[in-house]
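Contents: one structure, followed by commentary.
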């Protein structure tokens, strides 16, 4: 998978997640993909102060990204 295809797949994953985050006043954006294995995202809006953001990252964001791009090893929220 090329870097462009990987980026497209990660963006598709974020599009799947975005409505759930938007419904709670939050959002998410892709910051970078490093070494084709490590994704950095930025939670925005209400997600930045939510006590469940760590759970959201692990259960929602990371799982969905790995569904679209199985080679991804880590997903990190950049503040």
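The values are calculated or read from the model by the stated rules, or taken from the named source; none is laboratory data. As the structure is a computational prediction, the values presented were derived from the model and not from experiment. Positions of Cβ are backbone-derived with ideal geometry, glycine not excepted, and every protein chain shown enters the neighbour counts.
A few notes on this one:
- Selected residue (criterion: farthest from residue 2 (Cα to Cα)) from residues of segment 57-73 that are touching a strand residue (DSSP E or B) at 6+ places or on another chain (Cβ under 7 Å) and at pLDDT below 95: 57
- Residue tally, condition surrounded by fewer than 15 Cβ atoms within 10 Å (Cβ to Cβ), modelled with pLDDT of 95 or more and either in contact with a strand residue (DSSP E or B) (Cβ under 7 Å, 6 or more places away or on another chain) or over 16 Å from residue 63 (Cα atoms) (or both), over segment 12-28: 0
- Boolean, residue 72 is buried (at least 16 other Cβ atoms within 10 Å of the Cβ), part of a loop (DSSP other than H, G, I, E, B) and touching a residue at least 12 places away in the same chain (Cβ under 8 Å): yes
- Condition met for residue 44 (touching a helix residue (DSSP H, G or I) at 6+ places or on another chain (Cβ under 8 Å) and loosely packed, with under 14 Cβ neighbours inside 10 Å): no
Conditions (1) at pLDDT below 90; (2) part of a strand (DSSP E or B); (3) in contact with a helix residue (DSSP H, G or I) (Cβ under 9 Å, 6 or more places away or on another chain), marked per residue:
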site: 1; (1), (2), (3): yes, no, yes
site: 7; (1), (2), (3): no, no, no
site: 55; (1), (2), (3): yes, no, no
site: 79; (1), (2), (3): yes, no, yes
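- Only a single item in (1) in contact with a strand residue (DSSP E or B) (Cβ under 8 Å, 6 or more places away or on another chain); (2) in a loop (DSSP other than H, G, I, E, B); (3) modelled with pLDDT under 90 is not met by residue 51, and it is number (1).
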